[in-house]
Every structure is written in C-alpha cells, then in structure tokens.
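Enquirer: I am attaching a structure below and will ask some questions about it afterwards.
The values are calculated or read from the model by the stated rules, or taken from the named source; none is laboratory data. Please read these numbers as outputs of a predicted model, since none were measured by experiment. Because the Cβ atoms are built from the backbone with ideal geometry, glycine has one as well, and the counts that use them run over all protein chains shown.
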Amino acid sequence: MRAKLSVRYKFLGRAGEDMTGEVHEGASQNIGGGGILLVGRIPELEWIPDLLMQKIVVGINLLLPDSEEPVKALTRVAWVESIEEGSDKCSIGLMFKEITREDQDRIFKYVIKAQMPS
C-alpha cells in the first residue's frame, strides 16, 4: 500500500546498543504487514554489508494517521536501493523482525482502510 508516513528510526547493534546515539527522521512510501519501504539516511555507507547480514538492525517508530501512539518494531534490512548522487537518502527495504501482534493488526487495519474507496 503506497502512503507517505513519518518514520523515526535508530540503528542498533546485535547487543541492542545504539550505533549513533541519535534518532533519524525518514518517510515510508510503502507499508504492509511484513515490513516497510523506508526512505532515509544511512549514517555510514560502510554499514551496508552489516545491515544486510543483520549485524545491525533498525528500530522504528511509525506514526499512522489517526493514531496517538506510534507503531514500534525492530526490523532487519532486506535490501538497500541506489543512493541518488548529491543526496544522502536511499530506499531501504525493512522486514519486521520483532513487532507486537497489536501493532501488526494496527498496520493491517490502516492498509485495509486506506485501500477502501472514499
């Protein structure tokens, strides 16, 4: 389902340590029950192999419309798409690794509602 949603995310090491000490801002242009497409920044391009091998995971807070609380999930990077020259943003395919059943249900409900004709 295509949608532009605000995403806050952190890069975490295997032991759960925060890799940068900062929260990054990005956007999701595509969301589903299995994961999201995140458009955002990877602080260190050298991290890409570790991201793809799940040595570094991504913790996300996804804000759904009409929702007070963000959906929280731990994700793994499935793929990284080309980085535009002159831009530090890239498309990152994130698959849910740890997400509560409640948050996953909220995503399913949002996707179904967004696909209904208005």
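Enquirer: Out of the residues in segment 7-24 that are in contact (Cβ under 8 Å) with a residue 12 or more places away in the chain and touching a Phe, Trp or Tyr at 6+ places or on another chain (Cβ under 8 Å), state the one that is surrounded by the most Cβ atoms within 10 Å (Cβ to Cβ).
Expert: F11
Enquirer: Please go through segment 14-32 and pick out each residue that is more than 12 Å from the chain's Cα centre (by Cα) and either under 25 Å from P117 (Cα atoms) or at pLDDT below 95 (or both). So that I can check it myself, show each step before the final result.
Expert: Residues of segment 14-32 that are more than 12 Å from the chain's Cα centre (by Cα), as a first pass: 14-23.
Within segment 14-32, R14, A15, G16, E17, D18, M19, T20, G21, E22 meet the criteria.
Enquirer: Among (1) of a type outside the set (S, T, N, Q); (2) touching a strand residue (DSSP E or B) at 6+ places or on another chain (Cβ under 8 Å); (3) under 14 Å from G35 (Cα atoms); (4) part of a helix (DSSP H, G or I), which single condition is F108 missing?
Expert: (2)
Enquirer: Next question, about the same structure. Kindly provide the set of residues from segment 95-116 that are β-branched (V, I, T), in contact (Cβ under 8 Å) with a residue 60 or more places away in the chain and buried (at least 16 other Cβ atoms within 10 Å of the Cβ), ordered by number.
Expert: The one that is β-branched (V, I, T), in contact (Cβ under 8 Å) with a residue 60 or more places away in the chain and buried (at least 16 other Cβ atoms within 10 Å of the Cβ): I107.
Enquirer: Please state which one of K72, K4 is modelled with pLDDT of 95 or more, basic (K, R) and under 25 Å from I112 (Cα atoms). Walk me through how you get there before you give the answer.
Expert: Working: K4 fails: modelled with pLDDT of 95 or more.
From the options K72, K4, the qualifying one is K72.
Enquirer: Output the residues belonging to segment 68-94 that are exposed (fewer than 12 other Cβ atoms within 10 Å of the Cβ) and of a type in the set (S, T, Y).
Expert: S82, S87
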